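Notes to accompany the following structure.
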Amino acid sequence: MIHVDVSVLLPLRDAEPMVAPLVRTAELVQEIVMDRHHASGRPLAFEFLALDERSGDNTASVLSVLHGQQPQLRTIQDLDRGSALRHAARLARGDVWLVLDHPVDPDLAAWAVGQIIVGQRAAIIPGELLALHRSAGVDVLRALDGGLVVAQRVVARYLRRLGETPAFSPAPGVTRLHRALVFLRGHTGRVGLGFLDRPLPGPLRPRQAPR
């Protein structure tokens, strides 16, 4: 079996409009990272894991079409709400994991992946993305109830207990409302509502899209 260096984890639920742009983001991140980094002189190998939490829209149909266009894409369907990253922790094969739940600036995501490649345990842009080493991912995500932002909060707490800090970058162009909503998302797991940790509506997110 081919060794996988980077797993891009895509937790999805009722995400039909953003599935194709999200997969395109993952492709652009791969291009940028492969241009900047190599493993023992060879190109880095990627996989894309789309984890569908029983979407009621056409998310599954869009993924089916994308499978024919992107051979690195694997889809896991019929997952309970809030359980996508828990399943990803058992399925991801990469040494580096990148969690995306909406399209972001691929350069920012490539920065986060690069931080892990050069030795950081995790890299966080609040509300936008999370990158982490497999060793931290297995420990933290295997029991996670929630999505991206809950994972960011739990990973940061996990590293603090070890006397470490994640690489950190603020999301560009955020508003106070966005920060407040990200804060609320991050605390849903504490009250058993981790399944509510989902991407914010487009107008409330910073303007970041694939190029």
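For this structure, a couple of remarks:
- So ARG153, is it more than 18 Å from THR25 (Cβ to Cβ), at pLDDT 95 or above and of a type in the set (D, E, K, R): no
- Picking from residues in segment 34-53 that are outside any strand (DSSP E or B) and surrounded by 15 or more Cβ atoms within 10 Å (Cβ to Cβ), the one that is modelled with the lowest pLDDT is HIS37.
- When segment 130-139 is filtered for residues that are free of Cβ contacts under 8 Å to residues at least 24 places away in the same chain and under 18 Å from HIS87 (Cβ atoms), the ones remaining, listed by number, are ALA136, ASP139.
- Total residues in segment 114-138, condition modelled with pLDDT of 95 or more, under 22 Å from GLU53 (Cα atoms) and not aliphatic (A, V, I, L, M): 1
- Scanning segment 105-129 for residues that are touching a residue at least 40 places away in the same chain (Cβ under 8 Å), surrounded by fewer than 24 Cβ atoms within 10 Å (Cβ to Cβ) and part of a loop (DSSP other than H, G, I, E, B) gives ASP105, GLN120, ARG121, PRO126.
- Enumeration of residues in segment 16-33 that are farther than 20 Å from ARG74 by Cα and either free of Cβ contacts under 8 Å to residues at least 12 places away in the same chain or not β-branched (Val, Ile, Thr) (or both): none
- Subset of segment 1-19 that is part of a helix (DSSP H, G or I) and surrounded by 17 or more Cβ atoms within 10 Å (Cβ to Cβ) - its residue that is modelled with the lowest pLDDT: MET18
- Conditions (1) farther than 15 Å from SER7 by Cα; (2) under 16 Å from the mean Cα position of the chain (by Cα): number failed by SER55: (2)
- When segment 147-169 is filtered for residues that are assigned to a helix (DSSP H, G or I) and surrounded by 13 or more Cβ atoms within 10 Å (Cβ to Cβ), the ones remaining, listed by number, are LEU148, VAL149, VAL150, ALA151, GLN152, ARG153, VAL154, VAL155, ALA156, TYR158, LEU159.
The values are calculated or read from the model by the stated rules, or taken from the named source; none is laboratory data. Quantities reported herein were computed from a predicted structural model and do not represent experimental measurements. Cβ atoms come from the backbone with ideal geometry, glycine included; neighbour counts cover every protein chain shown.
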